[in-house]
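These notes are about the structure you will find just below.
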Amino acid sequence: MDNSKLVSRHLGITFLISIVIGILAGIFSWLFRLLIGVIHNIAFLGQFSSQYDANIHTPGSYLGWLIIFSPVLGGLIVVYLIKNFAPQAKGHGVPEVMHAIYHKRGIIPGNVSIVKAFASAITIGTGGSLGREGPIVQISAAFSSFIGKIAHLSVSQRNLMIACGASSGIAATFNAPLGGILFAIELLLVTVNSRTILPVAISTVISANIGQYLIGNEPAFSIPEIIHITENSNIYSTLLAIPLGALIGLFAIIFIKSIYFSEDLFESLPYNDYIKHIIGTFILGIMFYTIYIQIGHYYVQGVGYATIQDVLMNMITNPGLLLFLLLAKLLATSLTIGSGGSGGVFSPSLFLGAVFGALFGNIVNLLFPELGINPIIFVISGMAAMVSGTTSAPLTAAIIVYEMTLDYNAILAIMTAVSIAYAVRRHFMKADIYTLKLNRRGDYIPEELIADLKSYIVVDDSASKNVQFLSDKDNIAWDHDFSCLIENNKVVEIINLGKQNKDHNLTIRSMEKEHYIILNAGITVTEAVDQFYQHNCEVALVSHNGSSDKEAVVGVVTSAHLLHSIGNVSSILR
């Protein structure tokens with residue numbers, strides 16, 4: 001099979017699987033939201049119903065003050081599920097997906113999907129202060145890895161399918177297809193080119209369409225009206241986005257450190273995992289019930305979208321209340337994830353950014369009312385900036401927040417804020433909220449994408465063509481690199497002449513033979529290395545049709561040849 005046909009076949013398989021992943025991700029995102037709704041309604045309202053709008057505040061629970069124990073009971077179930085079935089389901093999900101791509105050859109255990117779905121739905125539904133995007137990323141990535149495994153995809157293809165699943169989950173959950181694609185590009189894809197972006201785009205578009213059909217076509221948040229800005233206010237808001245981004249960049253560091261400080265604190269407690277989670281969730285329950293009694297809503301429980309919606313509607317303007325909600329959400333999220341909860345940190349980041357932006361905007365209006373800037377610009381910019389600062393994905397943050405609000409008038413302030421927030425956080429703290437978790441256990445992730453020139457070098461170029469074909473009665477010509485023993489016009493043995501003592505009395509039967517595999521001509525060096533690794537082999541016969549027929553043989557390649565080719569490519573990047 002020639003190189004073009006082989007590439008076409010690989011692309012066809014990849015595109016077909018990406019379609020399947022897009023369909024499944026859209027359906028699972030919908031089911032996951034329903035599961036959260038069912039658990040939330042049972043826990044808070046005593047009703048078995050999947051109808052749950054996270055953008056509307058939950059009414060006071062029929063349980064009264066006993067609602068304090070809702071996250072406690074939910075937490076006990078979560079700890080049991082995670083400890084006994086899938087430890088990878090603990091925490092916020094995305095780091096485990098990144099770890100699978102870079103350190104586990106794209107392998108995510110199949111049970112992670114099921115356990116993560118139930119553990120996160122229970123955590124969020126019973127009042128845990130976490131989001132649904134991390135779980136759906138891990139859920140979608142896990143079943144994508146499983147599909148890649150049963151389809152016998154290579155490691156690079158399996159990693160690509162994981163990125164397809166994760167981006168599709170984001171797209172369906174937030175009705176943000178562009179944000180989903182950028183999420184894969186900035187955080188998950190090992191290489192970026194048309195062959196990797198197109199499958200991600202296909203699965204993401206399909207998933208977003210299914211999500212729109214099953215969940216709805218409305219943006220995640222609504223604002224009172226499109227923000228109207230004058231030329232002067234546009235300039236002022238863009239300039240003020242600089243200090244806003246800088247402050248949020250610093251606050252992102254506080255948020256990241258608070259989460260891992262909380263994890264370390266609970267880890268150091270001399271109790272088992274159940275007692276630790278009881279402590280954290282009991283304090284959380286007291287917090288959001290007290291807030292309900294004093295202010296009228298639970299505010300910091302769950303994904304927190306209702307509070308974000310209030311801020312976007314300019315319903316919360318008191319700086320003191322905004323500051324309180326900022327600190328309360330910070331504590332609630334740290335307690336939930338630090339004590340062992342399961343869920344994402346994207347939604348808490350949106351909450352914190354929105355409230356911080358509202359606080360900043362209202363202070364600006366108090367100090368400089370003559371500027372006439374709509375504070376909602378700073379709310380939207382703050383949301384994007386906080387996501388950018390915590391995740392190291394500024395483009396994803398900017399576009400996904402735009403897709404969640406559909407107001408383009410704030411885009412200049414958004415782009416300014418996300419850039420400054422990322423730069424400030426990166427200056428003072430190298431790792432982000434995802435990579436810090438991996439770094440702390442010795443697993444490091446590349447900081448940037450570089451051109452994968454290896455994916456364009458085919459194994460034929462590395463193979464030695466200086467090969468002789470002999471029967472067992474022929475004499476050896478020592479000026480060749482390899483001798484291939486032929487029987488019935490097929491290669492049955494390979495001899496590396498460079499490893500032999502040059503003795504003209506040796507017969508081909510008495511020489512040391514190489515354990516070898518057969519590689520298709522036209523595959524890349526990267527794929528060849530993967531085949532060597534899987535078969536624990538250092539020599540391969542390169543063949544046009546994957547057979548050992550003498551006429552089909554292109555040459556013989558060794559692991560040393562591949563390393564030499566990779567070294568030549570690497571020198572270009574230095």
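No lab work stands behind these numbers, since they all come straight from the coordinates. Remember, it's a predicted structure, so these values are computed and weren't measured experimentally. Here the Cβ is made from the backbone with ideal geometry for all residues, glycine too, and neighbour counts use every protein chain on show.
Where does helix 376-391 land angle-wise versus the long Cα axis of the chain, in degrees 0 to 90, nearest 10?
The helix 376-391 is inclined about 40 degrees to the chain.
Please list 59-70, 394-405, 421-432 highest first by mean number of surrounding beta-carbon atoms within 10 Å per residue.
Details: 59-70: 16.1, 394-405: 25.0, 421-432: 19.5.
My ranking of the peptides, most packed first, is 394-405, 421-432, 59-70.
By how many degrees, between 0 and 90 and to the nearest 10, does the Cα long axis of helix 394-405 differ from the longest principal axis of the chain?
With both axes taken from Cα atoms, the answer is about 50 degrees.
Sticking with the crude label model, points 7 Å out along Cα→Cβ, report the distance from Ile114 to Glu218 in nm, one decimal please.
Distance between label points: 3.5 nm.
For a quick protection proxy, order the peptides 316-325, 33-42 by their average other-Cβ count within 10 Å, most packed first.
Output ranking for 316-325, 33-42: 33-42, 316-325.
Take Met313, Met287 and order them by how many other Cβ atoms sit within 10 Å, fewest up front. Walk me through the intermediate numbers first.
Working: Met313 14, Met287 23.
Ascending Cβ contact count within 10 Å gives the list Met313, Met287.
Just grab the label-to-label distance for Phe15 and Lys83, each label 7 Å out from Cα along the Cβ direction, in nm (one decimal).
5.0 nm
Is the shape of region 285-378 best called rounded, prolate or oblate, per the rule: a/c under 1.5 gives rounded, else a/b larger than b/c gives prolate, else oblate, with a ≥ b ≥ c the square roots of the Cα gyration tensor eigenvalues? Present the calculation step by step, with values, prior to reporting the outcome.
Details: a/c = 2.52, a/b = 1.86, b/c = 1.35.
The shape class here is prolate.
Relative contact order of region 282-330: what whole-number percent is it, with Cα pairs under 8 angstrom and at least 6 residues apart?
On the way: 20 pairs, mean separation 11.8, N = 49.
Over region 282-330, the number comes to 24 percent.
Between Met313 and Arg509, what is the label-point separation in nm under the 7 Å Cα-to-beta-carbon projection?
My value for the distance between the label points is 9.1 nm.
Pop the C-beta distance of Leu198 and Leu63 into the FRET formula with R0 = 51 Å and round what comes out to the nearest 0.05.
Numbers: r = 51 Å, r/R0 = 0.99.
E between Leu198 and Leu63, to the nearest 0.05, is 0.50.
If you take every DSSP beta bridge fully contained in the chain, what fraction is antiparallel? Give it as a percent rounded to 5.
Percentage antiparallel, nearest 5: 60.
Taking neighbour Cβ counts within 10 Å as the exposure measure, how do Glu96, Glu186, Glu551 sort from fewest upward? Mind showing how you got there, number by number?
Values: Glu96 27, Glu186 17, Glu551 9.
Sorted ascending by nearby Cβ count, the order is Glu551, Glu186, Glu96.
Beyond 24 Å between alpha-carbons counts as too far, so tell me which of Lys116/Lys276; Lys149/Lys550; Lys83/Lys104; Lys83/Lys329; Lys473/Lys513; Lys104/Lys329 fall in that bin.
Correct reply: Lys149/Lys550; Lys83/Lys329; Lys104/Lys329.
Go through 264-270, 194-200, 495-501 and give me the packing order, highest mean Cβ count within 10 Å leading. Can you show the working numbers first?
Details: 264-270: 12.3, 194-200: 19.0, 495-501: 14.6.
Those peptides, ordered most packed to least, come out 194-200, 495-501, 264-270.
Please compute the length gained on full extension between Asn55 and Asn501, using 0.36 nm multiplied by the number of residues separating them and subtracting their Cα-Cα distance. Each step should come with its number before you reach the end.
Values: separation 446, 0.36 × 446 = 160.56 nm, distance 7.75 nm.
Taking 0.36 nm per residue and subtracting the Cα distance, the gain is 152.8 nm.
So the label point goes 7 Å from the Cα of Ser547 along Cα→C-beta, right? Which residues of region 514-540 then have their backbone N under 16 Å from it?
Residues 518-521 fall inside that zone.
What is the gain in length, in nm to one decimal, between Asn488 and Tyr274 on full extension, counting 0.36 nm per residue of separation less the C-alpha to C-alpha distance? Walk me through the numbers on the way to the answer.
Working: separation 214, 0.36 × 214 = 77.04 nm, distance 6.79 nm.
Full-extension gain reported as 70.2 nm.
Of the listed values (1) 28.2, 99; (2) 22.7, 72; (3) 25.4, 92, identify the label whose number matches Rg and Dmax of the Cα atoms in Å calculated from this model.
Answer by label: (1).
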